[in-house]
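To start, the structure itself, in structure tokens.
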Amino acid sequence: MFTGNIISKFKGIQTPFYYYDLEVLNQTLQKLKKESGKYGFFVHYALKANADNKILDIIKSYNLGADCVSGNEVKKAIECNFSPEHIVFAGVGKSDAEINCALDNNIFCFNCESLQELEVINDLAFKKNKNAGIALRINPNVNANTHKYITTGLEENKFGINLWELATVVNAVKKLKNLQLIGLHFHIGSQIMDLNSFKSLCLRVNEIQNWFAVRKIKIENINVGGGLGVNYHEPDTNLIPDFEVYFKLFNDFLELRPRQKVHFELGRSITAQCGTLISKVLYVKNGVNTNFAILDAGMTELMRPALYQAYHKIENLSKMENGKLRMENGNQPLAIQKYDVVGPICESSDCFGKAVSLPETMRGDLIALRTAGAYGEVMSSAYNLRDRVKAFYSNEI
Ligand code: LLP
């Protein structure tokens with residue numbers, strides 16, 4: 001991805017910063033539209049992955065819907081011209097103010113996670129003399145085989161209505177007159193690389209659909225959530241996720257009823273590979289068993305390694321040419337050393353990678369933390385009173 005002399009582009013920009021390659025984003029969206037379009041599937045972009053205005057404008061231009069998990073995300077989606085009839089609002093703890101905001105904006109659907117939440121939405125809708133479209137978020141008890149912090153579809157997780165409560169909830173919904181049951185919603189987790197998990201989800205959805213059919217309850221929309229993973233280890237050879245295989249799998253295994261619409265809520269697979277966190281080496285220090293490369297970016301700018309022990313490929317851009325390691329005089333590759341690549345924050349968990357192989361690294365070198373376009377900038381913080389990280393775009397620098 002870093003072809004040409006990328007370093008000269010970054011000259012004069014204060015590090016750390018996020019760099020977004022809009023070409024990669026556009027290519028990803030083109031492929032997504034092509035593959036989902038084959039089956040008439042409708043994709044909502046999960047704003048939680050990246051809610052940068054310029055990124056949202058581009059995503060909106062491909063006519064995706066929006067998947068929001070807070071009142072502010074609903075407002076943001078509307079500000080960025082996502083049409084309310086394509087906005088879904090999920091979340092296990094929606095506040096009254098957030099529900100009211102979504103009702104005022106006439107969004108398409110609330111993905112509801114408990115009976116009590118359904119009752120509250122009904123009350124608030126009644127007060128506004130409105131009807132709220134709702135989908136029941138059902139916990140399908142399917143293992144996503146991903147990191148335990150981003151697994152959501154097991155009974156032990158806080159998300160969704162459990163299968164054993166379904167009958168009670170469905171009976172209650174019938175009596176809540178300001179709600180209209182328009183769909184079923186599922187989401188089993190994030191960064192899912194084992195596509196068999198999605199097949200298991202489809203089979204479970206089919207069973208649940210039968211349950212509703214037996215009770216003669218018509219369901220117009222099936223929302224299968226998001227979760228498609230990306231390749232953090234080899235970003236350059238896998239810049240665009242395999243949407244072809246992913247959507248085909250749902251087409252092959254979901255048993256749909258006539259005129260049923262299928263919805264997806266994808267975040268990471270759309271924005272992860274277009275974003276890179278660019279940082280500078282402040283110091284190189286020798287430890288007991290290792291060298292430390294101390295960066296000016298830390299867990300405040302990219303929290304995933306500290307929070308989930310997540311891997312992000314680390315590259316020393318100052319020692320690269322056209323995406324490859326630079327050669328020394330006489331065509332010898334640069335000597336490789338191991339570094340613990342750490343940030344400046346006063347926490348031992350502020351570490352981007354241990355024993356990372358890098359060409360000899362020195363103060364002032366530019367370091368790229370790849371595949372950071374999803375759950376990167378949005379999860380940044382001002383801990384230690386750090387400045388909020390800025391973003392730059394390939395078409396502007
Ligand atoms: N729908 C629901 C209900 C979700 O909870 C999520 C993500 C998505 C859709 C979008 O999933 P995606 O396509 O992006 O996998 N901060 C974590 C990821 C948390 C995901 C939360 N839910 C990380 O950095 O890995």
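The values are calculated or read from the model by the stated rules, or taken from the named source; none is laboratory data. Since we're looking at a predicted model, the values are computed, not measured. Methodologically, a virtual Cβ is constructed for each residue, glycine included, from the backbone with ideal geometry; neighbour enumeration extends over all protein chains shown. Please note that ligands, DNA and RNA were not included when accessible areas were found on the heavy atoms of the full protein model with its side chains. Shrake-Rupley method; radii C 1.70, N 1.55, O 1.52, S 1.80 Å.
Select from the stretch 356-397 the residues that are outside any helix (DSSP H, G or I), open to solvent by 30 Å² or more (accessible area, probe 1.4 Å) and among the charged types (D, E, K, R) and list them in ascending order.
GLU360, ARG363, ARG386, ASP387, ARG388, LYS390, GLU396, listed by residue number.
Output the residues belonging to the stretch 286-336 that are touching a helix residue (DSSP H, G or I) at 6+ places or on another chain (Cβ under 7 Å) and in a loop (DSSP other than H, G, I, E, B).
Listed by number, the residues that qualify are MET299, THR300, MET303, ALA310, HIS312, GLY323, ARG326, LEU334.
Can you name the residue in the stretch 36-61 that is more than 16 Å from the ligand (Cβ to nearest atom) and of a type in the set (Ser, Thr, Tyr) and is also most open to solvent (accessible area, probe 1.4 Å) among such residues?
Going through the stretch 36-61, the residues more than 16 Å from the ligand (Cβ to nearest atom) turn out to be 37-40, 53-54, 57-58, 60-61.
Next cut, of a type in the set (Ser, Thr, Tyr) only: 39, 61.
Values: TYR39: 65, SER61: 80 Å².
Ranking the qualifying residues of the stretch 36-61, first place goes to SER61.
Return the residue satisfying two criteria in turn: it lies in the stretch 165-176 and is open to solvent by less than 40 Å² (accessible area, probe 1.4 Å) and part of a helix (DSSP H, G or I), and of such residues it is farthest from the ligand (Cβ to nearest atom). Talk me through it step by step, then tell me what you get.
Within the stretch 165-176, the first condition is being open to solvent by less than 40 Å² (accessible area, probe 1.4 Å), and the residues that meet it are 166, 169-170, 172-173, 176.
Still in the list and also part of a helix (DSSP H, G or I): 166, 169-170, 172-173.
Values: LEU166: 18, VAL169: 18, VAL170: 20, ALA172: 22, VAL173: 20 Å.
It comes out as ALA172.
Report, by residue number, each residue of the stretch 293-311 that is open to solvent by 60 Å² or more (accessible area, probe 1.4 Å) and under 14 Å from SER357 (Cα atoms).
TYR311
Those residues that are open to solvent by less than 30 Å² (accessible area, probe 1.4 Å), more than 16 Å from the ligand (Cβ to nearest atom) and in a loop (DSSP other than H, G, I, E, B), I need them from the stretch 206-231; list them, please. Even if it seems obvious, please write down each step before you answer.
Start the filter on the stretch 206-231 by keeping residues that are open to solvent by less than 30 Å² (accessible area, probe 1.4 Å), which leaves 206, 208-209, 212, 219, 221-230.
After this cut, where a residue has to be more than 16 Å from the ligand (Cβ to nearest atom) as well, the list is 206, 208-209, 212, 219.
Hit for the stretch 206-231 is ILE219, nothing else.
Quick check on this structure: which one of VAL92, VAL24 is outside any loop (DSSP other than H, G, I, E, B) and either touching a Pro at 6+ places or on another chain (Cβ under 9 Å) or touching a residue at least 24 places away in the same chain (Cβ under 8 Å) (or both)? Steps first, answer last, please.
Values: VAL92 fails: outside any loop (DSSP other than H, G, I, E, B).
VAL24 is the lone residue from the list that is outside any loop (DSSP other than H, G, I, E, B) and either touching a Pro at 6+ places or on another chain (Cβ under 9 Å) or touching a residue at least 24 places away in the same chain (Cβ under 8 Å) (or both).
Give me the residue from the stretch 95-140 that is more than 15 Å from VAL69 (Cβ to Cβ), without any contact (Cβ under 8 Å) to a residue 40 or more places away in the chain and hydrophobic (A, V, I, L, M, F, W, C) and, out of that set, surrounded by the fewest Cβ atoms within 10 Å (Cβ to Cβ).
Within the stretch 95-140, the match that is surrounded by the fewest Cβ atoms within 10 Å (Cβ to Cβ) is VAL120.
Listed here are the residues, each with its yes/no results for (1) open to solvent by 80 Å² or more (accessible area, probe 1.4 Å); (2) modelled with pLDDT of 95 or more; (3) more than 16 Å from the ligand (Cβ to nearest atom).
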| residue | (1), (2), (3) |
| --- | --- |
| GLY275 | no, yes, no |
| VAL281 | no, yes, yes |
| LYS313 | no, yes, no |
| GLU328 | yes, no, yes |
| ALA335 | no, no, yes |
| SER348 | yes, no, yes |
| LYS354 | yes, yes, yes |
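Residues in the stretch 252-285 that are farther than 18 Å from THR28 by Cβ and part of a strand (DSSP E or B): how many?
Keep residues of the stretch 252-285 that are farther than 18 Å from THR28 by Cβ, which gives 252-263, 277-285.
From the residues that got through so far, the ones that are part of a strand (DSSP E or B) too are 261-263, 277-285.
Number satisfying all stated conditions: 12.
For the stretch 177-205, what are the residues that are part of a helix (DSSP H, G or I) and basic (Lys, Arg)?
Initial filter on the stretch 177-205 (part of a helix (DSSP H, G or I)): 196-205.
LYS199, ARG204 - these are the residues of the stretch 177-205 that are part of a helix (DSSP H, G or I) and basic (Lys, Arg).
Of all the residues that make up the stretch 123-157, how many are within 10 Å of the ligand (Cβ to nearest atom) and at pLDDT 70 or above?
Qualifying residue count for the region: 2.
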